[in-house]
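Single-structure report; data block below.
Coordinate-derived values only; no laboratory data. Just so you know, these numbers come straight off a predicted model, no measurement behind them. Ideal geometry is used to build each Cβ from the backbone, glycine not excepted, and the neighbour counts take in all protein chains shown.
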Amino acid sequence: MINKKIHLLALTVILGAAANAQSVQDGVKALYEGKVLGAKSIFEKQADKPEATYWLVRADVENQDKKGAQATLDKALAAKPSEAWLLAAKGYLQLTNGKANEAKQSFESALTASKGRRGNDPDILNAVGGAIATEYNNIDKIGDIQYAVQKLEEAKSLTEKSKDNWMKADVLTNLGDAYRKAFPGDGTKAYGAYSDATTVDPSFAKAFLKTAMIFKSQRNYELFLQNLDKATAADPAYVPAYDALYLYKIGTADFNGANAVADKIIANSDPSPWNEYYKAQTFYFNKQYDQAIASANGILQKMGDKVKPKLYKLLAWSYVDKGDAKSALPFMEKYFATVNKDDIDAQDYGLKATVYAATPGKENEVAQAYDEGLKADTTVAGRVKLLQDAAKSFGDKKQYDLQGAMLEKLAEIKPEAQRSVNDYWLAGNAFLTGKQYEKAWKDFDIMRTKYNHPYGYLMSFRTSSIFDSTNAKNVMVPDGEKLIEFSKTDTSKNAKTNLFSTATALATYFVNVAGDKDNGLKYLTLGRDNAPDDATKQQLQGFIDQVSKMKPAGSKAQSSAAPTSGQSAAKKDSASVKPKSPK
């Protein structure tokens, strides 16, 4: 009787342990919910299983611990060098290290090792395609995203009759990610894949989040928020959806709402020093920059390189807004070196530009940062705001060449219906202020040729009178002639003044530079006929009489016979006199 009780007690303990044991799939779900440390603990207890090792590698990478991931994988591969899951993990790690070609070889080896009577293993296909779709934007020259699409579509086909709805939903969601990378700017196919995923498994919160991000990229915030609500309703513990909502509330300056969401994030996350991040963020919102910096540095000291990249961004912005952009440099660079490119917001490039603008010798990187921001934000409204901020920043720093470049880009990206002559005026005037006369001329020329605006004619001539004062480039004289012809029909009050000053400037050029007596007389006469007063008219008549007596071109006497005051005045005007902004 005693022996039976002992046996029964042992059986009870075994059954209880089996009931409480967590599977690899439990770890995968924990990882998807954002509980990286909890997932890692589960995978470590299942270390004898190659699938668990694959996911442990993924968890370590998520935990900013590539060295730990590599050590785990090396140990497992030493024992089972031809195991499909381990080869897939090897390819994934190679991708995260920027080794795209080596990764593809590892993936091919993994698929070969997994091949059975029915062909490739859908789990390995999903691992391969999902890894590429995840890392695609982080690696230059990663290869053809269609390779990932192909593998995931094959996995989808092989799992259509499967009863594992979670697996099917995961395949479809990874496929949606691959579609988004394969067809940038067109979320139609991705949306369909995500929708199919939520139909297959309504509890698969990740697909709702991915759908939300499509709408966010389109600035359709109503549907973005609706799908975030669906994600948290499908899985109330799904931290990535709360994190997306938190960032949205920050962006809309709803700091109380953000703090409420932060409480949900902490409640559903692993216990970790990282949870102090939200306290540091609150200091930043309240413009307590020193406290934010101290709090963030405290997290950094406890976690080291395992902190999430956004901590570096918080430190960088804290220093920038404190007025110490130079100190932000290492944190900004660390952020861009560690962040997943899919998580970069267009405004992050504004941070990069701001920090580089405060760093001597980084002028080229400033403009490049704004170019990257334009590529990151495909919406017109977002790109317009980014360029407006950039132009203001450069203007405040008196970096007028860069200001003009940003204003030119602003004119380029605006829809035709929203573009106006004033866009080119602002760009040209910035270049003019920075004494970049040829660049200014290009914008003024557009004002003239596209909009037939008086300032376009006037400012084109004034700028070319500076950079082509001897007409060596054959720009100054044609500009003057165009201004004169336009002014003859112009009804504005400045038309006669423009005729007079341009005619006398051209007369000076033709007589004193070109030695062209006939054209000199022609423009002196036009200047006299449009002189502002009798005294000036008499003075010009005197010059006409003098030039009329000049010897033919090539004689020594002719060079000093013509007036020089007209050209000098024109030069002075072109360098310093600016009309008011066009209406």
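Values computed for the structure shown
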| quantity | calculated |
| --- | --- |
| Those trypsin sites (Lys or Arg not before Pro) in segment 469-519 that DSSP places in a loop and that have at most 13 other beta carbons within 10 Å | K473, K493 |
| Phi to ³J(HN,Hα) by Karplus 6.51 cos²θ - 1.76 cosθ + 1.60 over segment 518-533, Hz, x for Gly, Pro | 4, 5, x, 5, 4, 7, 5, 5, 5, x, 4, 5, 10, 5, x, 7 |
| Rounded if a/c under 1.5, otherwise prolate or oblate - segment 127-254, Cα gyration tensor axes | oblate |
| Loop-resident sites, segment 374-443, for trypsin sites (Lys or Arg not before Pro), counting at most 14 other Cβ within 10 Å (DSSP) | K397, K398, K435 |
| [x] 3, 13, 19, 18, 13, 10, 9, 7, 5, 2, 1, 0, 0, 0, 0; [y] 3, 16, 25, 25, 18, 9, 3, 1, 0, 0; [z] 3, 12, 19, 22, 18, 12, 6, 3, 2, 1, 0, 0, 0, with the label sought being that of the calculated P(r) over Cα pairs in 10 Å bins from 0, in percent | [x] |
| Relative contact order (%) - segment 163-299, alpha-carbon pairs under 8 angstrom, separation at least six | 14 |
| Angle between the chain longest axis and helix 2-20 axis [Cα atoms, degrees, rounded to 10] | 10 |
| From phi via Karplus (6.51, -1.76, 1.60), per-residue ³J(HN,Hα) for segment 350-356 in Hz, x at Gly/Pro | x, 4, 4, 5, 4, 5, 5 |
| Sequence-distant residues sharing a close amide H with S203 (under 5 Å, placed H) | none |
| The chain: relative contact order as a whole-number percent, Cα under 8 Å and 6+ apart | 6 |
| Rounded tilt (10° steps) of 100-114 against the dominant C-alpha axis of the chain | 30 |
| Derived scalar couplings ³J(HN,Hα) [segment 173-184; Karplus, 6.51 cos²θ - 1.76 cosθ + 1.60; whole Hz; x for Gly, Pro] | 5, 4, 5, x, 4, 5, 4, 4, 6, 6, 10, x |
| With Cα atoms, 0 to 90° folded angle of helix 476-489 axis to the chain main axis | 80 |
